[in-house]
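Taking it in order: structure first as structure tokens, then the write-up.
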Amino acid sequence: MVLSLGGSPLDPPPVPPVEDSAFPAARARMVRDQLVSRGIRDARVLAVLGQVPRQEFVPKALWGEAYEDGPLPIGHGQTISQPYVVAFMTEALVLRPRDRVLEIGTGSGYQAAVLAGLVAEVFSIELVEPLGRRAEATLQRLGYANVQVRTGDGYGGWPEAAPFDAILVTCAPDEVPEALVQQLKVGGRMIVPVGSQGAAQELILLRKTPERLERQAVLPVRFVPMVKGN
């Protein structure tokens, strides 16, 4: 199942819905206290994190915690990553306005919304169908027109849309899936948490050159495991 949210990659960025005045102030504090203070420097990334309404991507009962420094549950055993990790992973990819990006693990749709404010096209895959459908609905309601969401197995990637300028994985495989490496452009970047559940995980940044795949561990993390579909 694939939903294209329509629109053109050159459309203006979406306008967040009218919201309680407390949320923009909370986002500003989040950017200042959680991101800038911890070394996030990319002005485009900071601007997008200051605009995307994170509360819209979590259950309403958790809106009061939407801008705190930590992950939050979104159902089905999944979480929305803490804002710093979202910003760190996004910044590490050094994204450009005309890039095409593959995301593995749509979850709530928040990371896809952040990417959508930075690049031309986002292709996002979610294994858990109810989460995928909910993320589609949220992204559509908020006006993110350059995102496509598919329910399916992230291990296989999205071959018919490949190759991608960047790939971002929000769940942890034991090893980097070879299909994703194959779908990354030469010159492209991938960021992926690697490690078994319950064991140490490292966020790995990959750069694909004509000669080899460069690999760098950049941050210790803890993500939900990447699960293969049936």
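The table below lists the values:
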{"item": "Residues of segment 91-131 satisfying the condition of being more than 21 Å from L142 (Cβ to Cβ) and in contact with a Cys (Cβ under 9 Å, 6 or more places away or on another chain)", "result": "I104, L127"}
{"item": "Exclusive hit being over 27 Å from K60 (Cα atoms), touching a residue at least 60 places away in the same chain (Cβ under 8 Å) and among the polar types (S, T, N, Q), set Q183, Q148, Q140", "result": "Q183"}
{"item": "Single residue of P14, P24, P9 found to be within 27 Å of G132 (Cα to Cα), part of a helix (DSSP H, G or I) and either at pLDDT below 95 or of a type outside the set (D, E, K, R) (or both)", "result": "P24"}
{"item": "Residue check, A172 touching a strand residue (DSSP E or B) at 6+ places or on another chain (Cβ under 7 Å), within 18 Å of V86 (Cβ to Cβ) and of a type outside the set (S, T, N, Q)", "result": "yes"}
{"item": "Test result for L180, in contact with a strand residue (DSSP E or B) (Cβ under 8 Å, 6 or more places away or on another chain), buried (at least 20 other Cβ atoms within 10 Å of the Cβ), among the aliphatic types (A, V, I, L, M) and not in a strand (DSSP E or B)", "result": "yes"}
{"item": "Check on R100, surrounded by 17 or more Cβ atoms within 10 Å (Cβ to Cβ), basic (K, R) and modelled with pLDDT of 95 or more", "result": "yes"}
{"item": "From the options G70, G39, G77, residue that is closer than 21 Å to V192 by Cα, at pLDDT below 95 and exposed (fewer than 13 other Cβ atoms within 10 Å of the Cβ)", "result": "G77"}
{"item": "Selection from segment 193-214 of residues that are without any contact (Cβ under 8 Å) to a residue 24 or more places away in the chain and either in contact with a strand residue (DSSP E or B) (Cβ under 6 Å, 6 or more places away or on another chain) or assigned to a strand (DSSP E or B) (or both)", "result": "V194, G195, E202, R207, E214"}
{"item": "Among the candidates S124, S108, residue that is assigned to a strand (DSSP E or B), surrounded by 24 or more Cβ atoms within 10 Å (Cβ to Cβ) and of a type in the set (S, T, Y)", "result": "S124"}
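The values are calculated or read from the model by the stated rules, or taken from the named source; none is laboratory data. Just so we're clear, the structure is a prediction, and the values are computed from it rather than from any experiment. Cβ atoms come from the backbone with ideal geometry, glycine included; neighbour counts cover every protein chain shown.
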